[in-house]
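Student: My structure is below; once you've seen it, I'll send some questions.
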Amino acid sequence: MKKWFGKITRPSRTAGSTHPEKADPASLPLAPGHGSGIEAPRWQSIIEQLHAGSQLQLDILRQALNLSSAVLLWAGPTPDQLSVYSFSGAQDRLLPGPYRLGTGVTGAVLKERSELLLAPISSTSPKIPCYRSHDQVGSLMVIRLPLPQEGSWTGNLALLCLDRSDPAEWSASDQQMVRLTAEKLAADAVQARALYQSDREQHAYRRAFEGLQKLNAALGLNSAFEASARAIRSIVPADFIGLSLAEGKRHRIAYVEGENAPELQGQSFPIDQGLVGKVLKYSTSLPENADYNGTSPVFSPAHLFAEYRSLMIVPLKQEGGGSIGALIVASRQQGKISSSCRTILELVAAQVTVKIDLAHAHEQINRLATIDSLTGIANRRAYQRGFEAMLERARRQSTELYIVLCDIDHFKGINDRFGHPVGDEVLRQVAKLFDRVVRTVDLAARTGGEEFAILLEDTDKRGAWKAAERLREFVEALKVQAGGQMVPVTISLGIAAFPGDGNSLEKLVSCADKALYRAKETGRNRTLVYRDMET
């Protein structure tokens, strides 16, 4: 076998040889189990520096110990495989990898030992799995790198394999040099990983900050949910993102991205079921380490998420109160949500909570701006906007639209005789009766003191008349008492139609008002249709 002496010569890179730079990043020493999947800007530089250092260590070791080859095997790209990370020697000796873990010397080292020394080599001795031939191997040494076996390093494995043609036993000084080299390689990997982790976390926080800025700028709940999803994807390689909001004893999925999103959107689940329900109940993030085996129900027993291996459910916690919802993030790959990712997800959840609170506040403000405070039905502002929209729709679809103007008869007399509190109660009681007359497509509003209006879509003259008459009869039967006396309440109504009576809002109101005035003139407690009045 060819010996290497004098100046250190780097091995040539022949076609078809296993080469560490070509390995999948998941097989490299910084990558096993790393958290977010969002690579740091200096990732490639850190990997290259670590590889260059390990390559130099192997070259020095090969020359110092007169080795034929020195190879550093690292676990990956899958947990049951090994790949060549660094190699010093003739590359035509290498078989294309990766190699199955547990075969040859790898199996021998894994069985309750960290070192394997063989001299001389026999036909029954364990083999190095990446070598094409072991015919000229006289002695062999394999040492497991002393890497941390906790945290994100758990299950990590690196083997330093050395061989030479000399069948003599390895001396104590040879062994000590190899052990020191193994410690140096492990220390370099730990330091490089620490640099990588630090740079990656800084990068993740920067990207999360950018995502939060976009989230803060989002207007409306849907925009906030979409901005949240973008922020989450900047820090976690998520295959599923969902947001569920609490509604009493249930929670409803308000936003979802990923597999089965159309089926899940809008679905409601009991809070006493699934991991989401527990998060809402106890206001704490689950699972603790973000690992998921697909057996615990996420939403309900029918939604196990069996294909996911990383899962984090974060509560949307209100300050000083409980949770108003939960943020669900999942990945099919294991170990994709680190503790730092969890911290960032909780920041995102806090911002989403603020957005939801603000949206509810704005919704309440908008509601107050369109609801009459005394009666609880639409006010004049909502009536004007609704009238314009419904009229435009009727023009566009060439359909009829009916307006019914209503006025409480002798309302001033009620106030003068019984007092304004009784008058207010009459207005409230009359307003309640509109719910018994109008449909969901209609609009009922208080347009003035004792004046009301109804806008009726998708109906005809007979339908509008029947609705108005029903309301008149309900009001006539109304029983309002004041000081032991019954307050007489009746209304008069006038009806006009688009397009028969007019094409503009002003014209329709004028026609309906004329019909209402005629109803009052001719005895009150009546319903008149404008077109009938003209004939």
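Student: Between the DSSP loop rule and a limit of at most 14 other Cβ atoms within 10 Å, which GluC sites (Glu not before Pro) in segment 289-391 are left?
Tutor: Glu307, Glu319
Student: Still on this structure, please answer the following. How high is the FRET efficiency from Asn66 to Thr284, r the C-beta distance, R0 56 Å, rounded to 0.05?
Tutor: Computed FRET efficiency for Asn66 and Thr284 comes out at 0.40.
Student: Continuing with this model, one more query. Amide H of Asp409: which non-local residues (sequence gap of 5 or more, or other chain) have their own amide H closer than 5 Å, using H built in the peptide plane?
Tutor: Thr490, Ile491, Ser492
Student: Now, a different point. Suppose we look only past 19 Å in the calculated P(r) of segment 218-356. What percent of the Cα-Cα pairs does that tail hold?
Tutor: 43
Student: Take every Cα-Cα pair in segment 230-311 and report what % of them are more than 18 Å apart.
Tutor: 41
Student: What order do you get for Met312, Met486 when you list them from fewest to most C-beta neighbours inside 10 Å?
Tutor: Lowest count first: Met486, Met312.
Student: Give me a comma-separated list of calculated 3J(HN,Hα) values for segment 346-351, in order, Karplus coefficients 6.51, -1.76, 1.60 applied at θ = phi - 60°, integers in Hz, x for any Gly or Pro.
Tutor: Rounded to whole hertz, the list is 5, 5, 4, 4, 5, 5.
Student: Right, another one. What's the percent breakdown of Cα-Cα distances in segment 380-534 across 10 Å bins, shortest bin first?
Tutor: So the P(r) values, bin by bin, are 11, 43, 32, 12, 2, 0.
Student: Given the pairs Lys479/Lys514; Lys249/Lys432; Lys278/Lys355; Lys249/Lys278, which are separated by over 18 angstrom at their Cα positions?
Tutor: Exceeds cut-off: Lys479/Lys514; Lys249/Lys432; Lys278/Lys355.
Only the coordinates and a few stated rules stand behind these numbers; no lab work does. Remember, predicted model here, so these are calculated numbers, not experimental data. Glycine gets a Cβ as well: all are built from the backbone with ideal geometry, and neighbour counts include every protein chain shown.
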